[in-house]
There are 2 protein chains.
Amino acid sequence: MNKAVREPSRRMGPEGSANWHAMLDGAEDILREEGYGALTSRNIAERIGVKQRLVYYYFQTMDDLVVAMFRRLSVRELERSRQALKSERPLREIWDVCIHTSDARLISEFMALANHIEGLRTEVIHFIEESRAIQARALSAALKNKAKGRVPPIGLAMIATSLALSLNREAELGVSAGHKEITKVIKDFLAEIEPK
Amino acid sequence: MNKAVREPSRRMGPEGSANWHAMLDGAEDILREEGYGALTSRNIAERIGVKQRLVYYYFQTMDDLVVAMFRRLSVRELERSRQALKSERPLREIWDVCIHTSDARLISEFMALANHIEGLRTEVIHFIEESRAIQARALSAALKNKAKGRVPPIGLAMIATSLALSLNREAELGVSAGHKEITKVIKDFLAEIEPK
DNA sequence: GTCTATACACCGATAGAC
DNA sequence: GTCTATCGGTGTATAGAC
């Protein structure tokens, strides 16, 4: 968690190489399936068929690995959102990104970890702010020529994000009370301001 | 030849005793401050000034302790919600419960743990369903004599819960984009259907 | 780049004395 | 009820050979 000051740093494997990705892939699977309590260098190594020592050739510490894992994921997600902006029906695309985002279990783990790993916290903050801005932009444009409701675009963005998160998390748990109703509200909203 | 399959297993300390509560209190603090990776019998014991062995006198396993911790918390929260139902202005009270619920870090940890501890998952599901039902009842009653909007009570309950969760979590992280706007929307909604 | 081998701390859980 | 003592296992991280 600390030991921030490091010697000229030891030799390191290159970011973006095959093994680097394989390690992050394995880490994602473990995080999703077993939680961060099981996210260890030994487990990652075993899962991808290398020795534990190699993990520390690619990542200085486990915290570094976690941060790299989230950053790789958030870059992908933000790119999807930015692409959605340019589409025919940006609102539907963006809602699709929200609701089909990397699964709820993974996100739950990152949210918990972000409270304890400073570097991850920074990345998460950046991701939330960036994606909210993208969504607000899309909503703003879509609502420009409509009668304004009482919820401003950035407020709608916040509602969308938090709803999608809860819908996914609860569906994962096996709770569904209210889901049907909310899904219909969203559907109607989209049909109204962004007809197919 | 004994292996505790049919025996009530070993002696256990009484649920609800002073030490039992002290252990859960300590566990809550650790979970909030350091995360479940640090939630160990040794840390709990040290924090409340007893020896590690004693934790296993009160709880058979660490998982049992986690489940007991959540159950104690959820009983309290549900009681607060039920009390809110009986108040003068139930909607405001219930929103207050949502937004001032035990802090976001703690909840994040429980959400992550629920994906990996079966007994906890069951408790969490029960808590969500129960509190959603209470909230829907309150909203239903409050909206009875009003013009119906397009969001049914249980949908509003779901929006409220997920929004409160996100507002708390993001505030904890240090994100505030859209918070002011959403807070105003809620305030206006309450002013309209439940005037002071 | 990948490995063997290792240091050292800490984990859950139990046996059994007082 | 609370303790000492201990088991077998796993964690991060490093040294250094090939």
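Here are some notes:
Residue by residue, here is whether (1) part of a helix (DSSP H, G or I); (2) crowded, with 20+ Cβ neighbours inside 10 Å; (3) within 16 Å of DNA strand C (Cβ to nearest atom); (4) basic (Lys, Arg) holds:
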residue	(1), (2), (3), (4)
B:31	yes, yes, yes, no
B:54	yes, no, yes, no
B:71	yes, no, no, yes
B:77	yes, no, no, no
B:87	no, no, no, no
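- Filter result for residue A:134 (modelled with pLDDT of 95 or more, surrounded by fewer than 16 Cβ atoms within 10 Å (Cβ to Cβ) and more than 30 Å from residue B:148 (Cβ to Cβ)): no
- Unmet requirement for residue B:23, which otherwise passes all of (1) within 12 Å of DNA strand C (Cβ to nearest atom); (2) in contact (Cβ under 8 Å) with a residue 12 or more places away in the chain; (3) among the aliphatic types (A, V, I, L, M): (1)
- Of the residues making up segment B:7-14, none is more than 16 Å from DNA strand D (Cβ to nearest atom), within 17 Å of the chain's Cα centre (by Cα) and free of Cβ contacts under 8 Å to residues at least 24 places away in the same chain.
- Filtered by the rule that a residue be within 7 Å of another protein chain (Cβ to nearest Cβ) and either over 15 Å from the mean Cα position of the chain (by Cα) or over 23 Å from residue B:110 (Cβ atoms) (or both), segment A:99-132 gives A:115, A:116, A:129, A:132.
- Of all residues making up segment B:144-162, the number that are assigned to a loop (DSSP other than H, G, I, E, B), free of Cβ contacts under 8 Å to residues at least 12 places away in the same chain and more than 15 Å from residue A:180 (Cβ to Cβ): 5
- Selection within segment B:89-134 - touching a Leu at 6+ places or on another chain (Cβ under 9 Å), closer than 29 Å to residue B:194 by Cβ and part of a loop (DSSP other than H, G, I, E, B): B:89, B:101, B:102
- The residues of segment A:144-160 that are loosely packed, with under 13 Cβ neighbours inside 10 Å and within 7 Å of another protein chain (Cβ to nearest Cβ) amount to a single one, A:150.
- Any hit, segment A:63-77, residues being among the aliphatic types (A, V, I, L, M) and farther than 28 Å from residue B:33 by Cβ: yes
- Residue B:127 without any contact (Cβ under 8 Å) to a residue 12 or more places away in the chain, at negative phi and of a type in the set (Phe, Trp, Tyr): no
- Within segment B:163-196, the residues that satisfy the criterion of being outside any helix (DSSP H, G or I), closer than 30 Å to residue A:119 by Cβ and not polar (S, T, N, Q) are B:174, B:175, B:177, B:178.
- Within segment B:89-113, the set of residues being touching a Ser or Thr at 6+ places or on another chain (Cβ under 8 Å) and more than 16 Å from DNA strand C (Cβ to nearest atom) comprises B:93, B:94, B:97, B:98, B:107, B:108, B:111.
- If only residues of segment B:161-196 that are within 27 Å of residue A:122 (Cα to Cα), more than 8 Å from chain A (Cβ to nearest Cβ) and small (Gly, Ala, Ser) are counted, the one that is surrounded by the most Cβ atoms within 10 Å (Cβ to Cβ) is B:164.
- Per-region count, segment B:26-60, residues within 14 Å of DNA strand D (Cβ to nearest atom), within 14 Å of chain A (Cβ to nearest Cβ) and either without any contact (Cβ under 8 Å) to a residue 12 or more places away in the chain or of a type in the set (Gly, Ala, Ser) (or both): 3
- Residue satisfying all of: in segment A:36-52; of a type outside the set (A, V, I, L, M, F, W, C) and either in a helix (DSSP H, G or I) or in contact with a Ser or Thr (Cβ under 9 Å, 6 or more places away or on another chain) (or both); nearest to DNA strand C (Cβ to nearest atom) among these: A:52
- Scanning segment A:50-93 for residues that are under 22 Å from the mean Cα position of the chain (by Cα), more than 20 Å from residue A:111 (Cα to Cα) and among the aromatic types (Phe, Trp, Tyr) turns up just one, A:59.
The values are calculated or read from the model by the stated rules, or taken from the named source; none is laboratory data. No experiment lies behind these values; they were computed from the predicted model shown. Positions of Cβ are generated from backbone atoms using ideal geometry, with glycine treated the same way; all protein chains shown enter the neighbour counts.
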